[in-house]
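Working notes for the structure below.
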Amino acid sequence: MDPQETTRLQEAWKAKGSPPCDHPNTVKERLNGMQTGDKVCTTCGQEFWAG
């Protein structure tokens, strides 16, 4: 998922009132086509940074 998609998810989730999310699905983040090592929740857009 690229950063623009992540931002769209975050904004949509915020518009819903930012309900709790258990982050059921995550995907690897990509920047310019390359994996960053980080992951993003496909439901709410929360980013999980690699160690």
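Table for the structure above
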quantity	calculated
Cysteines, the chain, no other Cys beta-carbon under 4.7 Å	Cys41
Accessible area per residue, Å², the chain with all protein chains present, probe 1.4 Å	73
Charge tally in the Cβ shell below 10 Å around Thr26, where Lys, Arg are +1 and Asp, Glu are -1, Thr26 excluded	-1
Carbon + sulfur, % of accessible area of the chain - ligands and nucleic acids excluded, 1.4 Å	51
Computed [θ] at 222 nm, helices only, for the chain once each DSSP H run of length n ≥ 4 contributes -39500 (n - 2.57)	-8000 deg cm²/dmol
Charge context of Asp38, other residues only, Cβ under 15 angstrom, K/R +1, D/E -1	-1
Approximate spin-label separation Ala50-Ala15, in nm, with each point projected 7 Å along Cα-to-Cβ	3.2
Fraction of the pair-distance distribution of the range 1-40 above 10 Å, Cα-Cα pairs, percent	72
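The values are calculated or read from the model by the stated rules, or taken from the named source; none is laboratory data. Computed from a prediction, not measured in an experiment: that's the story for all the values here. Using ideal geometry, Cβ is built from the backbone for each residue, glycine included, and neighbour counts are taken over all protein chains shown. We work out accessible area using only protein heavy atoms, side chains counted, and drop any ligands, DNA or RNA first. Shrake-Rupley method; radii C 1.70, N 1.55, O 1.52, S 1.80 Å.
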